[in-house]
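Enquirer: Quick one: the structure is below, questions incoming.
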Ligand code: COA
Ligand code: ZN
């Protein structure tokens, strides 16, 4: 049976857009519920400037109170060396650094051009990880579409990715549809191009949003191109505060039900994920999205009828 890796990003990409502060204990309860659902890899939050993203101001306490999560790779987003040092002091060794392919979105997100962010990444690695011990994911924001510049030039994005891949071997690059406006043919063509060119030196995954309703189509497009790792957020929470108009991440529940019905193993318990989704949906200010949660649970779980259509 084919297997995909589903990475839960709700505790970071999902929560960061919620205006009301989510108490530390609730963040921890949500993360624990998601671990219980079977995620082996999760974005736990971000060590960013609390002025830029107030929701993440308690990240140090979240990680300290959470304690170790055996068998789970907990990742945190860091925008600079300050964030990387905070993460490492908290015992986190899986870091995410975001670079937007469009200057406009990169400026909106981290107040500098794309080129400056590549230089920042290089100096951050030299400062905090000269021996290459950290596991590093680069979020390739606005790979396909930018809220300010529209559809991205594939040749230019490819050339920028080539330079990022060259920084060190073994990076993971998350091809990201930050705005949820990418078209599936673009996702498929560009994912395949990246895998063909850099697949032996870097790992690629797909991070999508569902603004225009193409989220699941884009996941399938990336899957058909050969990508086997996908980000989703519980209850379809999410959105980038620095990308106007972008709505929620692709719902993890939709990813699980899609792949399960195709006979592709995800390792996630849909019933426990739906229960975690109830926590997410009950957060004041949370906007949920996705389809699976709207289907009556008994029917979604098969209602006595096998869910897999693969036979
Ligand atoms: N953690 C905590 N505090 C931080 C920090 C971090 N990682 N990075 C910077 N700061 C603090 C600085 O110490 C400084 O504090 P002070 O005003 O008390 O002196 C303040 O934030 C401003 O620092 P500066 O280096 O001037 O940053 P900036 O204002 O130009 O902002 C970023 C740049 C990258 C730090 C900020 O835009 C950011 O954190 N962005 C995160 C964006 C994000 O999470 N986007 C969503 C995901 S893609
Ligand atoms: Zn996102």
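We did not get these values from a lab; they are worked out from the coordinates using the rules stated. Source: prediction; values computed, not measured. All Cβ positions, glycine included, derive from the backbone under ideal geometry; neighbour counts span all protein chains shown.
Enquirer: So between residue 73 and residue 61, what do we pick up on full extension, going 0.36 nm a residue minus the alpha carbon distance?
Expert: Details: separation 12, 0.36 × 12 = 4.32 nm, distance 1.81 nm.
Here the segment from residue 73 to residue 61 would lengthen by 2.5 nm.
Enquirer: Then there is this: Quick one: order 200, 93 by neighbouring beta-carbon count within 10 Å, fewest to most. Before the final figure, lay out the partial values.
Expert: Details: 200 8, 93 15.
Going from least to most buried by this count: 200, 93.
Enquirer: Still on this model: Can you give the extra length, in nm with one decimal, that the chain gains between residue 265 and residue 294 once fully stretched, where that is 0.36 nm per residue apart less the Cα-Cα distance? Let's see the in-between values first.
Expert: Numbers: separation 29, 0.36 × 29 = 10.44 nm, distance 2.25 nm.
My answer for the length gained is 8.2 nm.
Enquirer: Follow-up question, since we're still on this one. Give the calculated FRET efficiency between residue 131 and residue 281 to the nearest 0.05, with a Förster radius of 51 Å applied to their Cβ-Cβ distance. Working shown, then result.
Expert: On the way: r = 43 Å, r/R0 = 0.84.
In this case the efficiency is close to 0.75.
Enquirer: Determine, for 282, 252, the number of other Cβ atoms within 10 Å of each Cβ, and report the residues in order from fewest to most. If you can, show how the numbers build up before the last one.
Expert: Working: 282 11, 252 35.
Arranged by neighbour count, lowest to highest, 282, 252 become 282, 252.
Enquirer: Hey, what D do you get for region 10-134 in µm²/s if you plug the Kirkwood alpha-carbon radius into Stokes-Einstein at 37 °C and 0.692 mPa s? Let's see the in-between values first.
Expert: On the way: Rh = 15.1 Å.
D, rounded to a whole number, is 217 µm²/s.
Enquirer: Something else: So, how do all the Cα-to-Cα distances of region 84-153 break down into 5 Å bins, in percent, from 0 on up?
Expert: In order of increasing distance, the bins hold 4, 17, 24, 21, 15, 11, 7, 2 percent.
Enquirer: Right, another one. Per-residue counts of other Cβ atoms within 10 Å, averaged by peptide: what ranking do you get for 22-31, 261-270, highest first? All intermediate terms of the calculation are to be shown ahead of the outcome.
Expert: Working: 22-31: 18.3, 261-270: 16.2.
The packing order, highest mean first, is 22-31, 261-270.
Enquirer: Report Rg(Cα)/(2.2 N^0.38 Å) for region 5-300, keeping two decimals.
Expert: Taking the Cα Rg and dividing by 2.2 N^0.38 Å, one obtains 0.92.
Enquirer: Now for a separate question. Arrange the following residues from fewest to most other Cβ atoms within 10 Å of their Cβ: 158, 259.
Expert: With the fewest neighbours first, 158, 259 line up as 158, 259.
Enquirer: Additional query: How much length is gained on full extension from residue 51 to residue 85, taking 0.36 nm per residue of separation minus their Cα-Cα distance?
Expert: On the way: separation 34, 0.36 × 34 = 12.24 nm, distance 1.80 nm.
Net length gain for the segment: 10.4 nm.
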